[in-house]
Amino acid sequence: MPVIGLEVHAQLRTDSKLFCGCSTDYHDAEPNTHTCEVCLGMPGALPVMNESALDFGLRVSLALGCEVVEEQLFYRKNYFYPDLPKNFQITQYEFPVGVDGSITIQAGDGERAVGVRRVHLEEDPGRIVHMRNRSLLDYNRSGVPLLEIVTEPDMESPEEGREFLQRLRTTLEYLGVFEPLDGAMRADANVSIEGGSRVEVKNISSHRGAERALRYEITRQRNMLKRGSEAVLETRHFDEETGVTRPMRTKEEEADYRYFPEPNLPLIRVDEGMAGAAAEGVPELPDQRRERFREEYGVTDEHAKRLTAEKELADFYEDVAEAVEPRAAASHVVDELLGELNYRELSLDEWFEGVGRETAVEWETEIVEMLRGGEITDVSATDVLRDVLDEGRSPAAVVDEKGLTMEGADEALKCVEEVIGEHRETVEDYLSGKEEALNFLVGQVVRRSRGKISPREASDLFDERLEEEK
Ligand SMILES: [Zn+2]
């Protein structure tokens, strides 16, 4: 069984940086415009602790069931690298924000708690942009607050690593302390297999990437063992594009960093007021919401789980369920909408951006209502949803124009019957396995309905009608 532990860095969504007033919004900014003497590491500049970063750290610690450390201290971690102009990173070391928490993940058929050893705050370094023959530095990111979450080596497969990252990400989103942008969450993994040395894999930037990186690394270590050699204690870099890990510089020992307390920052005392305020900032979390969905809306556990896996989706579902029967809404959202979005590689967010969130809720409600009221058939509902997504038109407009009402459906069915009656030989061909015979039949229906029935719909209707004869 492989042994896997993760160290996750998540950027906190504060307005300003961890130790200065510069904006944390570096995504659209010109390079080096959100900087000052503190985050550029000028000699003599004094850091001032950002209280909302600490508040966010406390909320995460509480949500993960950690024990809050009452007296916290920042340290200097010394190392030289161009993205770190003052040659040390300010980070919490012996006295972090929280210790001893856990996250429950799906493991095989059951669930298992993965221990969270510690949660601590630190500053992000700057960003190096490598070009063909030079490297450029952007310090807009320098000093952005990071929360590092370190797990116990409790995971046993790449899937579990992926599941952990997904759960953590959802929890951070629910807490409102994290903006799920590219690069806002990065992870390093420690991996070893039976009797082998521990290898650290750096530069994992997504939960999908994590699964790939872990799978590659485990296979590599197993192959080495088979050939009679053994993985050495080292740090490797994961290349997202090729999906392989490559050796990096040898790992610094902890002593190489010469940690010592940051003399310009005072001891932080977390009093009852701060802890209380943070506790109030912890909303209903994914597992609690899942439980409530089952009780309040009577949806299946599988639906409840899927719906609460993303905060955005859970909010959307609740808005729809307010207007229509909740169970019907749950099955349509999970079984139809998510599938069609996924097929188009469209996220819920992107769909909202296109048509507006309110409209999206309205349209989804409309489709479920029409289905429930028996105004359209299941087949037409799928057709409507596809047009709604592809063409950005309202369900009512699609139904009207295509004549997809029940009467329209009756017409369509009648049309299909007629074609079957008139072209029995072709039908037999199709039934005996000649797939292309279906094209002819579909063409007949489309022509007869003067295009009112789409080829896709006609084909679905034939499938349904001829299913029993096959
Ligand atoms: Zn600054």
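Note on the stretch 410-469: semi-axes of the ellipsoid equivalent to its C-alpha gyration tensor, largest first and rounded to whole Å, are 17, 11, 10. The residues Arg258, Arg141, when put in order of fewest to most other Cβ atoms within 10 Å, stand as Arg258, Arg141. When each full DSSP H helix of the chain is screened for a Cα extent of at least 15 Å along its own axis and an average Kyte-Doolittle hydropathy of at least 0.5, the helices passing are 51-63, 437-448.
Here the Karplus relation 6.51 cos²θ - 1.76 cosθ + 1.60, evaluated at θ = phi - 60°, turns the backbone of the stretch 102-107 into coupling constants of 6, 10, 8, 10, 6, 9 Hz, with x for every Gly and Pro. Computed from phi, the 3J(HN,Hα) profile of the stretch 126-139 under the Karplus parametrisation 6.51, -1.76, 1.60 (θ = phi - 60°) reads x, 10, 9, 9, 8, 10, 3, 10, 7, 10, 10, 10, 10, 9 Hz, with x in place of Gly and Pro. Once you reduce the stretch 135-200 and the stretch 361-383 to the center of their Cα atoms, the two points are 41 Å from each other. If a/c stays under 1.5 just call it rounded; otherwise compare a/b with b/c (prolate if a/b is bigger, oblate if not). Do that for the stretch 3-280, with a ≥ b ≥ c from the square roots of the Cα gyration tensor eigenvalues. Judged from the Cα gyration tensor, the stretch 3-280 comes out oblate (a/c at least 1.5, b/c at or above a/b). Divided by 2.2 N^0.38 Å, where N counts the residues, the Cα radius of gyration of the stretch 286-404 comes to 1.01.
Modelled this way, with points 7 Å down the Cα-to-C-beta line, the labels at Phe440 and Leu46 are 9.0 nm from one another. Provide the FRET efficiency to the nearest 0.05 for the Glu418-Tyr343 pair, computing r from the beta carbons and using R0 = 41 Å. Once the sixth-power term is evaluated, E becomes 0.80.
Across the cross-link table entries Lys311/Lys452; Lys305/Lys452; Lys414/Lys434; Lys226/Lys305, which are compared at the Cα atoms, the separations over 30 Å belong to Lys311/Lys452; Lys305/Lys452; Lys226/Lys305. Report summary: the helix-based calculation at 222 nm, which adds -39500 (n - 2.57) for every DSSP H run with n ≥ 4 and divides by the residues of the chain, gives -13000 deg cm²/dmol. Within the same chain, lysines fewer than 8 places from Lys86 are excluded, and of the rest, those with a Cα less than 19 Å from its Cα are Lys17, Lys77. What the phi angles of the stretch 239-247 give under the Karplus curve with 6.51, -1.76 and 1.60, with θ = phi - 60°, is a coupling list of 9, 4, 6, 8, x, 10, 10, 10, x Hz, glycine and proline written as x.
Looking at the stretch 305-344, the trypsin sites (Lys or Arg not before Pro) that sit in a DSSP loop and have at most 14 other Cβ atoms within 10 Å of their own Cβ are Arg344.
Backbone amide hydrogens, once placed in the peptide plane, bring Glu262 within less than 5 Å of Phe74, Tyr75, Arg76, excluding anything fewer than 5 places away on its chain.
Relative to its Kirkwood radius, the Cα radius of gyration of the chain gives an Rg/Rh of 1.08.
Any read-out appearing in this document is the output of simple, stated calculations on the displayed coordinates, not a laboratory observation. These figures come from a predicted structure and were not determined experimentally. Every residue, glycine as well, gets a Cβ built from its backbone with ideal geometry; the counts of neighbours run over all protein chains shown.
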